[in-house]
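Quick notes on the structure that follows.
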Amino acid sequence: MIITTARKQVGTLAELVKVISNDLNAISLTRDDRSVAALVQEFEDDVLVVGKDRLTLYPKDGGTPFFYHPNSAMFRVKQFVATSYDPLVEAGKMEKGMSVLDCTLGLAADALVAKIAVGKEGHVTGVEANQLLAYLVRYGLQQWTDGPKLLLHAMKEIEVIHQSHLTYLQSCEDQSVDVIYFDPMFEADLDSKGIAGLKSFAVYDDLTDEAIEQAKRVARKRVVLKDHYLSERFHKFHFQVQKRQHAMFHYGFIEKKGLKKQKSGEDDER
């Protein structure tokens, strides 16, 4: 990947370009008044343009440019503050002070809503398998300035980790996180106009039996799954489904209290 500055800010952003190129193990270039299209054509590579307030990714295949935006999270946060209701919050029974692990971070819309729900006393971690997407979202969460203070503060408190969710879960201690969340629908969401530029970068790992078993081991309260209403995953992994009338997707959950009852002859619950 090629990393360069916006045309009008070459001097002031040169050092930041070096830092980001080092972080991503990419090539930094002086802009020299060249257009992004000219850079893509010359180097036949993706181009990341560093601006004053944001990073913009231009895919080499000519796809839609991408820069971080909270997307639906802004509306969902506003609605949650007004009504105290969000389907994800309800599915996870999220409360102030709880910890949440979003295993499929994507653009962090769900993580943002979860952070508002658990408050400043709670903690939200988002795991993203693709290094570039994790970097762009982490940077965007820290740099975004448009919106209510509650949202902006929540953005800056989300911990973003670049790793596969299975590897991360395997590293966690038993019952160390209150709620663990999966949203494999992010792949379908990539068709939307705002994030279509990420199609060639996203990781499309499916949920596995091992990942769900690890999640059940790590979760203290619930494992939550968001999926298409026709998905077989709910049945396959034994989630209780919260059906939503007229919605294309539902939420399902595995209650850890239920897991206790299934286990007999054990002195300690995992």
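The values are calculated or read from the model by the stated rules, or taken from the named source; none is laboratory data. Here the structure is a predicted model, which means the values were calculated and not measured. When we count neighbours, we look across all protein chains shown, and the Cβ atoms used for this are built from the backbone with ideal geometry, even at glycine.
Flag: Tyr168 matches the condition of being part of a helix (DSSP H, G or I), of a type in the set (Phe, Trp, Tyr), modelled with pLDDT of 95 or more and closer than 24 Å to Val218 by Cβ.
If the condition is being out of contact with any Ser or Thr (no Cβ under 6 Å at 6 or more places or on another chain), at pLDDT 90 or above and within 21 Å of Tyr135 (Cα to Cα), then region 41-66 contributes Asp45, Asp46, Val47, Leu48, Gly51, Arg54, Leu55, Thr56, Leu57, Tyr58. Note on region 99-111: residues that are free of Cβ contacts under 8 Å to residues at least 60 places away in the same chain and in a loop (DSSP other than H, G, I, E, B) amount to 2. Screening Glu90 against (1) surrounded by fewer than 21 Cβ atoms within 10 Å (Cβ to Cβ); (2) modelled with pLDDT under 95; (3) not in a loop (DSSP other than H, G, I, E, B) leaves a single unmet condition, (2).
When Lys52, Lys78, Lys60, Lys96 are screened for being in a loop (DSSP other than H, G, I, E, B) and surrounded by 14 or more Cβ atoms within 10 Å (Cβ to Cβ), only Lys60 passes.
Of the helices (runs of 4 or more DSSP H) lying entirely inside region 196-270, those containing at least 3 residues that are more than 19 Å from Gln163 (Cα to Cα) and at pLDDT 85 or above are 233-236.
Does Tyr68 satisfy the condition of being aromatic (Phe, Trp, Tyr), free of Cβ contacts under 8 Å to residues at least 60 places away in the same chain and within 28 Å of Pro148 (Cα to Cα)? No, not satisfied.
Scanning region 99-126 for residues that are of a type in the set (Asp, Glu) and surrounded by fewer than 23 Cβ atoms within 10 Å (Cβ to Cβ) turns up just one, Glu121. Selection of region 15-29 for residues being within 26 Å of Ile161 (Cα to Cα) and aliphatic (A, V, I, L, M) yields Leu16, Val17, Val19, Ile20, Leu24, Ala26, Ile27. Scanning for something farther than 26 Å from Leu13 by Cβ and in contact (Cβ under 8 Å) with a residue 60 or more places away in the chain, does region 48-60 turn up at least one residue? No, the conditions are met nowhere in region 48-60.
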